[in-house]
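Down below is the structure, laid out as structure tokens.
The values are calculated or read from the model by the stated rules, or taken from the named source; none is laboratory data. From a predicted model like this one, the values you see are computed outputs, not experimental measurements. A quick note on method: Cβ atoms are made from the backbone with ideal geometry, for glycine too, and the neighbour counts reach across all protein chains shown.
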Amino acid sequence: MADMRLRTMEKAGGPFLNHRRKVLLIIIGGIVILAGLCLWGLLMDPSRYAPNYGARLLAPSFAHPFGTDNLGRDMFYRTICGLSTSIQIGLLSALVSSIIALILGSLSAVFGGKLDTVIGFLVDLCMGVPHLILLILISIAVGGGAAGVIIGVAVTHWPSLTRVIRAEVMQVRSAQYVQVARKLGMSNWHIAAKHIVPHVFPQYLVGLILLFPHAILHEAAITFLGYGLPLDTPAVGIILAEAMRHLAGGMWWLAFFPGIALLCMTQLFDVVGDYLKILIDPHSARQ
Amino acid sequence: MAILEVKHVDFRYGSGPWILKDISFSVEEGERVAILGPSGYGKSTLAKVIAGYLKPAGGEILWEGKPLPATGFCPIQLIYQHPEKALNPRWKMKDSLEEAGVPSEEVLTEMGIQEKWYQRWPNELSGGELQRFCVARVLKPETRLLICDEMTTMLDAINQAHIWNFVLAYAKKHNMTLLAITHNRYLANQVATRILRIPELNHVEVDQSSL
Amino acid sequence: MENEVLLEVQHLSVGFESYNARVEKVFFNAITDLNLTVRKGEIVAIVGSSGSGKSLLAHAVMNILPDNARTGGKMYYKGELLTPEVMNRLRGRQIAFIPQSVAFLDPLMQVGDQVVGTLGEKARALQQKAFEHFGLKQSVAQLYPFQLSGGMARRVLLSTSYVAETEMIIADEPTPGLDLKIAIEALKDFRVQADQGKGVILITHDIDLALHVADKIAIFYDGRVVETADTQTFRGDGQGLKHPYSRALFNALPQNGFNLQRCPKCGATCATWNVDEEGMRCGCGDS
């Protein structure tokens, strides 16, 4: 019987670049671009965007694709550096946020009862307060600066992922095969490591990647408002805040290119996360 | 002495309607008992309560005169109606089969489990093949009572006969007690030494319109 | 003299394109070569194990297969070739489909309106008559699917075929988990409708039920109907049955003593049988 089923299951042929391969390529492409951006900024020579008073407020040209600012700094390299900083901060804070979510979500699902109620209350509390206000409060409370931004973003982005993880853990814990394993005398450790983690991990990964764009935008937002990174760091939020002062003078490029670049990058994270979700979703096997 | 005693067991989910009410019966060692009746009378719930998956709201279940041990390999094992739900879809068949140790050669041969199935995923085998794995992994000396909850309802008659023939032979040879839960009276007659009817066992009002 | 042929299915195949665990597209055949004839006034039961793909026959006839399905073969309804366009015209008017579960109902629509469907207000009276016929209170018409118990849902689904003045009914596992006696009672209505000249296809995994209700039984195995036989042939030791698989299946029933054939060579009972048009062979001869 099984043989027949397998015998009738054959390679379907069709173009090499089928839907699934395309999705995989997009994901890999997205990750390569983002990682490249991050490394480029990290390894860049700061003299690239050092002040050059001989070239102040130049409109975009081949020498300066994004133009220069009032101190004669090259906006292209400054933007790249700013995006790189954003990715690093996003990575760190999304990672911390997702670990908080993983721990709270699992505790909530495994122990249930009062603990579940308390964690549920914390989730609601955190989601109920406007994000930006909470972020500003936390980053000021811990002393501002880069540490303030990272901590602020990290401890405000866990609630929705906590809910996802709680639901996934609860679902797999009540699955028949997990209950059978328990009756076969398997330890909690074995069940967690062999059944629960492999089930939850893909969901966690997607959640983590989808946290990035939020973290990055919020980092840019509080930096723009002046509560975040020190003014001398090349960060997109600071670039945009400075550009505000020159916009009325017709220096549109100061805000336009960095803004577009930030938007594109967050969109790219969204695309990678969404496509990864499609790839691990069993229903997508049909498309 | 009765090996299993079910004493005045009640059950409901949370504060929902009663599903089981005042169920009492006992099973002797080596007996083959069938619980027979249509759906809607809580047969599957009763199976889960006896096997220790669910805690009764009232009454008690005694195994050799004592409550069932909470950890370790359970002497009461339960086979479900849907084998595909009882196997981790992310595991290859061999890993599921050997989760609690390798089954004996006798079981593997007689169940007709083929080695070429070992490296397959659950969705690549038929229901009958999957159910053989589920039965084989619990047929161990430590299993003293096997509860078969509509074990072969989803299978064709040939697979049904194959699995039951072996389970019956195994139970006789190893003095394993059987509790078969089914809606099929022919099946109950064929496998059991004693038949209990769930409508007489369960003292709960069943809404006839829901049947 | 046999009655007029209502539905004729010739060499139907249904397969699915899907993806395997990696990124390769595979093709999986669920129905390979299925032939079936349904005449006016008869109930034909298609019997096969759960999950073997026999529901797909109904979905193929009704033209409600998912997008990734590929079909082959021909179907005729009263001599007319059943194309998707013809089917969309006949569906619900000439051919009624009773699906397996309440999941096929629209969760946001009152069930009374769903039973009436697209037939307009003239069907309202018929719907009321149908509910009365199946012992449902008229107030049930105002309920939504989630408010129905399993038994009520089943009777609502049965009502859909009663309302449309159809000539053919395809019922997919209409009595799951029911006691044989109650199931036979529930399907008495099919007999009445068949005696009025309708054709009925009953898809079920329960051969006992088919033996009690149907006129003809089609044994479905591995994507094919291995044999269609009159219900009277299924008696004694099944010697009237042509195909060895149908004989083996019949003899394996609990009321026939769980009898299984053994392969004379290797002694296996059924683990390795391969079934084709001519017969069934033990897999031990293959290697």
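Observations on the structure shown:
- Residue count for the stretch B:81-117 under the criterion of being without any contact (Cβ under 8 Å) to a residue 40 or more places away in the chain, closer than 18 Å to A:R173 by Cβ and not hydrophobic (A, V, I, L, M, F, W, C): the result is 5.
- Residue list for the stretch B:144-187, restricted to those being surrounded by 21 or more Cβ atoms within 10 Å (Cβ to Cβ), of a type in the set (S, T, N, Q) and within 21 Å of B:E29 (Cα to Cα): B:T177, B:T182
- Considering only residues in the stretch B:19-58 that are in a strand (DSSP E or B) and within 14 Å of chain C (Cβ to nearest Cβ), the one that is nearest to B:F73 (Cα to Cα) turns out to be B:R32.
- Residues within the stretch B:59-73 that are at pLDDT below 90 and either part of a strand (DSSP E or B) or within 8 Å of another protein chain (Cβ to nearest Cβ) (or both), tallied: 2
- All conditions but one from (1) over 25 Å from B:G52 (Cα atoms); (2) crowded, with 23+ Cβ neighbours inside 10 Å apply to B:M111; the one that does not is (2).
- Of all residues in the stretch C:18-44, those satisfying the criterion of being within 25 Å of B:L155 (Cβ to Cβ) and within 14 Å of another protein chain (Cβ to nearest Cβ) are C:S18, C:F28, C:N29, C:A30, C:I31, C:T32, C:D33, C:L34.
- Residue ID - nearest to C:P145 (Cα to Cα), chosen from residues in the stretch C:71-108 that are free of Cβ contacts under 8 Å to residues at least 60 places away in the same chain and charged (D, E, K, R): C:D106
- If you go through the stretch C:221-269 and keep only what is of a type in the set (S, T, N, Q) and away from chain B (no Cβ under 12 Å), you end up with C:T228, C:T231, C:Q232, C:T233, C:Q239.
- Test: residue in the stretch B:157-171 that is part of a loop (DSSP other than H, G, I, E, B) and either within 23 Å of B:R137 (Cβ to Cβ) or of a type outside the set (V, I, T) (or both): no
- Top-ranked residue of the stretch C:184-220 - restricted to ones that are facing chain B (nearest Cβ under 9 Å) and assigned to a helix (DSSP H, G or I), ranked as farthest from B:I198 (Cα to Cα): C:I207
- Of all residues in the stretch A:179-198, those being closer than 21 Å to B:P75 by Cα, in a helix (DSSP H, G or I) and facing chain B (nearest Cβ under 8 Å) number 4.
- Options A:A221, A:A235, A:A241; residue that is under 30 Å from A:G143 (Cα atoms), surrounded by fewer than 22 Cβ atoms within 10 Å (Cβ to Cβ), touching a residue at least 60 places away in the same chain (Cβ under 8 Å) and of a type in the set (G, A, S): A:A221
- Residue check: C:L7 meets all listed conditions (1) closer than 28 Å to C:A153 by Cβ; (2) buried (at least 18 other Cβ atoms within 10 Å of the Cβ); (3) within 14 Å of chain B (Cβ to nearest Cβ) but one, namely (3).
- Residue check, B:T71 surrounded by fewer than 16 Cβ atoms within 10 Å (Cβ to Cβ) and hydroxyl-bearing (S, T, Y): yes
- Candidate set from the stretch B:172-201 (those that are at pLDDT 90 or above and assigned to a loop (DSSP other than H, G, I, E, B)); member that is nearest to the other protein chains (Cβ to nearest Cβ): B:A192
- When B:I113, B:I76, B:I158 are checked against the criterion of being at the interface with another protein chain (Cβ under 9 Å from one of its Cβ atoms) and in contact with a Gly (Cβ under 7 Å, 6 or more places away or on another chain), a single residue qualifies: B:I76.
- Pairs linking a residue in the stretch B:178-203 that is touching a residue at least 12 places away in the same chain (Cβ under 8 Å) to a residue that is assigned to a loop (DSSP other than H, G, I, E, B) and hydrophobic (A, V, I, L, M, F, W, C), with Cβ atoms under 8 Å and 6 or more positions apart or on different chains, are B:L178/B:A192; B:A180/B:M151; B:A180/B:A192; B:H183/C:L178; B:Q190/C:F258; B:P199/B:V206.
- The stretch C:214-241, subset of a type in the set (K, R) and surrounded by 18 or more Cβ atoms within 10 Å (Cβ to Cβ), residue modelled with the highest pLDDT: C:K216
- Condition check for B:R137: assigned to a helix (DSSP H, G or I) and in contact with a strand residue (DSSP E or B) (Cβ under 9 Å, 6 or more places away or on another chain): yes
- The residues in the stretch B:116-135 that are buried (at least 22 other Cβ atoms within 10 Å of the Cβ) and either more than 8 Å from chain C (Cβ to nearest Cβ) or among the charged types (D, E, K, R) (or both) can be counted, and the count is 8.
- Residue within the stretch A:96-103 that is of a type in the set (A, V, I, L, M), within 14 Å of chain B (Cβ to nearest Cβ) and either touching a residue at least 60 places away in the same chain (Cβ under 8 Å) or surrounded by 17 or more Cβ atoms within 10 Å (Cβ to Cβ) (or both) present: no
- Qualifying residue in the stretch C:62-72 (condition: within 14 Å of chain B (Cβ to nearest Cβ), assigned to a helix (DSSP H, G or I), farther than 24 Å from C:T231 by Cβ and not charged (D, E, K, R)): no
- Neighbours by Cβ (under 7 Å, 6+ apart or cross-chain): first from the stretch B:142-154, free of Cβ contacts under 8 Å to residues at least 24 places away in the same chain and closer than 15 Å to B:A47 by Cβ; second buried (at least 23 other Cβ atoms within 10 Å of the Cβ) and of a type in the set (S, T, Y): none
- Taking the conditions (1) of a type in the set (V, I, T); (2) away from chain B (no Cβ under 14 Å); (3) not in a helix (DSSP H, G or I) in turn, C:V116 satisfies each one other than (3).
- Test: residue in the stretch C:110-121 that is on the phi > 0 side of the Ramachandran plot and more than 19 Å from the chain's Cα centre (by Cα): yes
- Filter result for A:P230 (more than 30 Å from B:K85 (Cβ to Cβ), in contact (Cβ under 8 Å) with a residue 40 or more places away in the chain and not in a helix (DSSP H, G or I)): yes
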